[in-house]
Amino acid sequence: MKQNLPVAIIADVRYTQHLTGPGQPESPARTTSIIKALEDAGLKTSQNTLLPREATDQEILLCHTPAYLQLVKDEIKLCASSPWQDGSLCLSTGDVQISPASLEIARLAVGGALVAVDAVMQQKAASAFCVVRPPGHHACSNLGMGFCLFNNIAIAARYAQKHYQIERVLIVDWDIHHGNGTQEIFEEDPTVFYFSTHRAHYYPPGTGLAKQKGVGKGLGTVMNFPIEAGPLDREEVINAIQNNLKAAMKSFKPQLVLISAGFDAHHRDPIGGFHLTEDDFAILTHSVQEIANAYAGGKLISILEGGYDLVGLAASAVSHVKALI
């Protein structure tokens with residue numbers, strides 16, 4: 001029966017209300033370009049689209065500290081009483097542009113991922129793609145950075161564990177930037193396996209090294225593949241997932257698979273530097289899907305991270321969703 005259920009698309013026009021200012025690559029146009037492309041391809045309809053909800057404080061606190069949540073509330077509140085113009089203010093902890101609606105929209109980004117978890121775990125959808133922003137994988141437990149306020153995918157993992165008794169979660173991150181926040185949140189936790197391919201010696205500095213394999217009880221559940229930008233980068237990304245990740249999952253056996261779906265490794269991306277095509281993202285999707293089918297009953301949820309060339313982003317998202325189907 002599961003194979004006949006739809007791929008759910010979590011999307012909402014309200015994601016455009018998180019304003020980042022002129023010239024910022026993480027712009028409202030990212031989600032609108034993806035939604036239009038999915039609609040044009042017949043992949044997003046009223047039947048398979050789910051609206052997000054706002055995540056509660058308690059849900060955000062599954063992965064973030066109370067002090068950090070309060071900081072976000074306080075600093076975004078200041079936007080309404082300061083000379084704010086189109087995302088000209090930056091969160092004090094890092095490079096995250098904020099605007100008056102950013103807290104509400106960041107709650108919707110987390111909530112979109114949680115709606116996807118509910119849909120997949122309750123067998124209302126075989127898999128899901130969350131067209132959300134702001135992205136999340138750079139957000140650490142106590143600070144935001146790299147365009148990210150809250151760690152959407154990390155909270156989704158914890159939520160699934162808490163509400164659906166999932167014991168082992170795999171997070172696959174193919175964004176061109178290392179998801180330092182996701183690694184930080186889970187590096188001591190043996191129940192969440194974090195796997196990342198990313199550009200070596202890039203953002204953020206000093207993280208995502210191959211020698212970083214987890215800490216304490218979590219040792220062995222972090223696997224990083226820093227890859228040099230060059231003519232072979234696309235093959236290295238594909239090989240890492242098809243060979244190294246699949247081999248590691250034989251012993252971990254995840255019960256739920258989550259993807260940090262950044263598409264900034266696309267060859268058109270202005271800040272990426274890799275050479276992947278939209279067809280390559282279909283290959284990556286199929287490879288991760290095979291893991292989900294083998295160990296997790298096909299339960300797979302994909303959450304948007306980076307991707308800043310609107311043409312390449314939209315094409316990659318379409319290829320990704322086609323592969324999920």
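In table form, for the structure just shown:
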{"read-out": "Conditions (1) buried (at least 24 other Cβ atoms within 10 Å of the Cβ); (2) of a type in the set (A, V, I, L, M); (3) more than 24 Å from Leu38 (Cβ to Cβ): number failed by Val132", "value": "(3)"}
{"read-out": "Looking only at the stretch 302-318, and only at residues there that are among the hydroxyl-bearing types (Ser, Thr, Tyr) and within 17 Å of Ala11 (Cα to Cα), the one that is surrounded by the fewest Cβ atoms within 10 Å (Cβ to Cβ)", "value": "Ser302"}
{"read-out": "Every residue from the stretch 119-146 that is in contact (Cβ under 8 Å) with a residue 40 or more places away in the chain, out of contact with any Leu (no Cβ under 9 Å at 6 or more places or on another chain) and within 20 Å of Leu324 (Cβ to Cβ)", "value": "His137"}
{"read-out": "Residues being crowded, with 24+ Cβ neighbours inside 10 Å, of a type in the set (A, V, I, L, M) and not in a strand (DSSP E or B) - total across the stretch 161-208", "value": "2"}
{"read-out": "Number of positions in the stretch 250-298 that are of a type in the set (Gly, Ala, Ser), in contact with a Gly (Cβ under 7 Å, 6 or more places away or on another chain) and under 14 Å from Ala317 (Cα atoms)", "value": "3"}
{"read-out": "Residue in the stretch 28-55 that is surrounded by the fewest Cβ atoms within 10 Å (Cβ to Cβ), counting only those that are of a type in the set (S, T, N, Q) and touching a residue at least 40 places away in the same chain (Cβ under 8 Å)", "value": "Gln47"}
{"read-out": "Of the criteria (1) part of a loop (DSSP other than H, G, I, E, B); (2) out of contact with any strand residue (DSSP E or B) (no Cβ under 7 Å at 6 or more places or on another chain); (3) aromatic (Phe, Trp, Tyr), which one Phe274 fails", "value": "(2)"}
{"read-out": "Residue count for the stretch 203-221, restricted to those that are closer than 22 Å to Val288 by Cβ and more than 17 Å from the chain's Cα centre (by Cα)", "value": "7"}
{"read-out": "Set Ile238, Ile283, Ile291: member being closer than 17 Å to Ile171 by Cβ, in contact (Cβ under 8 Å) with a residue 24 or more places away in the chain and touching a helix residue (DSSP H, G or I) at 6+ places or on another chain (Cβ under 8 Å)", "value": "Ile291"}
{"read-out": "Filtered residues of the stretch 164-190 (kept if within 17 Å of the chain's Cα centre (by Cα), of a type in the set (D, E, K, R) and more than 11 Å from Thr207 (Cβ to Cβ))", "value": "Asp173, Asp175"}
{"read-out": "Those residues of the stretch 241-270 which are without any contact (Cβ under 8 Å) to a residue 24 or more places away in the chain and under 18 Å from Thr191 (Cβ atoms), in sequence order", "value": "Lys250, Ser251"}
{"read-out": "Residue selected from the stretch 247-275 under the condition among the aromatic types (Phe, Trp, Tyr) and more than 22 Å from Asn152 (Cα to Cα), by the criterion farthest from the chain's Cα centre (by Cα)", "value": "Phe252"}
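No lab work stands behind these numbers, since they all come straight from the coordinates. These figures come from a predicted structure and were not determined experimentally. In this analysis, Cβ positions are derived from the backbone assuming ideal geometry, glycine residues included, and neighbour counts consider all displayed protein chains.
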